Amino acid sequence: MLERMSRDRGLSEELRMMRQSCRDFVDEVVLPFIKQNWKLEWSMVPEERLPIRILEEAEKIGIRTLGVPEEYGGVELEKGTEVKTFAVVAEEIARGDSGLADKMVQNWKVSVLLRQFAPKHLQEKWFKRLVAEPQFLMAHCLTEPRGASDRWLPYNVPEAAMQTRAVKKNGEWIINGRKQFISNGYDAGLYVVYANTNPKVGMLQGTSSFLVPRDTPGLTVARCNETLGCRFMNNGELVFEDMRVPEDHLLVENDALGQAGVYFRPGKIIQASKNLGVGVRAFEVTSDYVQNYVQGGRILIKHQAVALRLADMATRIEAVRALLERAARAVDDDAPDADTLCNMAKVFASEEIMKVAQHAVELHGGNGMMLDFGVEKLLRDAAIFLHMDATVDISKMKIVKSMFPATAGKYAGPE
Ligand SMILES: Cc1cc2nc3c(=O)[nH]c(=O)nc-3n(C[C@H](O)[C@H](O)[C@H](O)COP(=O)(O)OP(=O)(O)OC[C@H]3O[C@@H](n4cnc5c(N)ncnc54)[C@H](O)[C@@H]3O)c2cc1C
């Protein structure tokens, strides 16, 4: 198929093999599991939704610990193509299930952060645990009830700061506050938590990040959110009440948001790649359907209106892929426009793949609306991407802010 062939372009032999083992895992394990167990997605017992065996199977092909340094038993990727590799693997897994992909990529993203900022002895402790336990998950906690999107606007002012506060006392940090909508928040073993450490300055100068193990006294996992899509990833809410973390658990003091670029740049690429995987799956099932399902005496694809929609789906997917590849290369090359391109790829993917998923369900007619048929899941999964890692409007504001820092990048409030 044309779409599949174009995916081979520019991939090294090694990366093609890696992609093939991910594809086999998806075709032989993930897709059959979803087909046979579609009701599990709707279980209101989060622990029951995704059996551990799926993560154990992922372990066998070595994709669970990407980003973990080799010295701790992880799969360290070549620096110059690390982000490209994340992108290829994330897309393949999300083609099978985007919630499963969410679960795994958080581990890669947080690993990148830990290897950069965590002290050696804590890297050793947590990376070893991550490698040893197939179900071990990590989470990255920024969003709060009173502030998320605005954090990324030019509003670098004290009143927009995080409400979660960390205060240093007697050699430890005491953290109070709450975080919401956190990927893996319900079942992670280790959290990276952002908190305000200087209320007098803007958030770029007054936010710090901390490592918080799940069993830290004062940490409560308050709930698991029941999401519209990506339901095999358990999104959670956390409350911190006089939560004490040792001094060495501080990752970055005060300029943690600026330093988090090391997490966010690959993060946005991974986000767009998962999104692309959802689009590729939508195209696969739809192109199959329209060449087999007969309506009006002919298979659907022979009706021109149907054929045109398929062309539109394929074009959007290719456009997303092209921008994504360009953005991934910019991150791997540490190019000056990498931030801008990452936001472009993330937001463009979310809007285009939403349209692809819409075509998919429409071309399936009534079947497209039936839970047991399975196509509506792609629309639900696609919808989630509009909101993850910044909303569409905020992503666009970040793009223009990075292009015109002196004008669009200035706070619109009083001079
Ligand atoms: C499935 C899922 C997984 C997630 N995972 C994580 C995670 O792992 N870690 C994490 O920290 N967060 C996570 N989030 C949170 C996500 O990043 C936020 O939902 C997103 O940034 C939007 O923030 P919000 O929900 O508070 O919306 P709000 O900020 O309340 O936005 C509501 C609306 O107002 C608009 N808006 C808000 N402020 C402004 C403004 N100043 N100017 C103009 N428009 C504005 C927004 O564009 C949006 O349309 C996740 C969310 C989802 C849905």
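Taking amide H as placed 1.01 Å from N in the peptide plane, Asn184 has its amide H under 5 Å from the amide H of Asn234, Asn235, Gly236, each at least 5 places away in sequence or on another chain. Net charge dipole, segment 63-147: roughly 260 debye, given to the nearest 20, about the Cα centre with Cβ charges of +1 for Lys and Arg and -1 for Asp and Glu. Around the amide H of Glu144, modelled in the peptide plane, lie the amide H atoms of Gln180, all under 5 Å away and 5 or more residues distant in sequence or on another chain. The charge dipole of segment 37-105, taken about its Cα centre with unit charges on the Cβ atoms of Lys, Arg (+1), Asp and Glu (-1) only, comes to about 220 debye.
In order along segment 238-250, the phi-based Karplus estimate (6.51 cos²θ - 1.76 cosθ + 1.60, θ = phi - 60°) of 3J(HN,Hα) comes to 10, 10, 10, 10, 6, 6, 9, 10, x, 3, 6, 8, 6 Hz; Gly and Pro are listed as x.
In order along segment 292-305, phi translates into HN-Hα couplings of 10, 7, 9, 8, x, x, 9, 4, 3, 5, 6, 7, 4, 4 Hz, rounded to whole numbers, per the Karplus curve 6.51 cos²θ - 1.76 cosθ + 1.60 with θ = phi - 60° and x for Gly and Pro. Taking the helices alone, the chain has a mean residue ellipticity at 222 nm of -15500 deg cm²/dmol, built from -39,500 (n - 2.57) per DSSP H run of at least 4 residues and averaged over all its residues. Residue by residue, segment 96-102 carries 3J(HN,Hα) couplings of x, 6, 6, x, 4, 4, 3 Hz when phi is fed to the Karplus relation 6.51 cos²θ - 1.76 cosθ + 1.60 (θ = phi - 60°); x denotes Gly or Pro.
With all protein chains kept in place, the per residue accessible area of the chain amounts to 43 square angstrom at a probe of 1.4 angstrom. If I histogram all Cα-Cα distances within the chain using bins 20 Å wide from 0, what percent of pairs lands in each bin? Spelled out per bin, shortest first, that is 27, 58, 15, 1. Here the accessible area of segment 290-383 is 54 percent carbon and sulfur, with a 1.4 angstrom probe and all protein chains present. Highest average first, the peptides 41-52, 202-213 ordered by how many other beta carbon atoms sit within 10 Å of their residues are 202-213, 41-52. Applying a threshold of 28 Å to the alpha-carbon distances of Lys103/Lys128; Lys79/Lys268; Lys84/Lys302 flags Lys84/Lys302 as lying beyond it. Note on segment 223-377: with charges restricted to the Cβ of Lys and Arg (+1) and Asp and Glu (-1), its dipole about the Cα centre is near 1000 debye.
Just want to confirm a number: the relative contact order over segment 117-220, from Cα pairs under 8 angstrom separated by 6+ residues, in percent. Normalised by residue count, the contact order of segment 117-220 is 28 percent. In this structure, the amide hydrogen of Ala222, modeled 1.01 Å from its nitrogen in the peptide plane, lies closer than 5 angstrom to those of Glu237, Leu238, Val239, counting only residues at least 5 positions away or on a different chain.
The values are calculated or read from the model by the stated rules, or taken from the named source; none is laboratory data. These numbers come from a predicted model, not from an experiment. Using ideal geometry, Cβ is built from the backbone for each residue, glycine included, and neighbour counts are taken over all protein chains shown. To get the accessible areas, we keep the full protein, side chains included, count just its heavy atoms, and leave off ligands, DNA and RNA. Shrake-Rupley method; radii C 1.70, N 1.55, O 1.52, S 1.80 Å.
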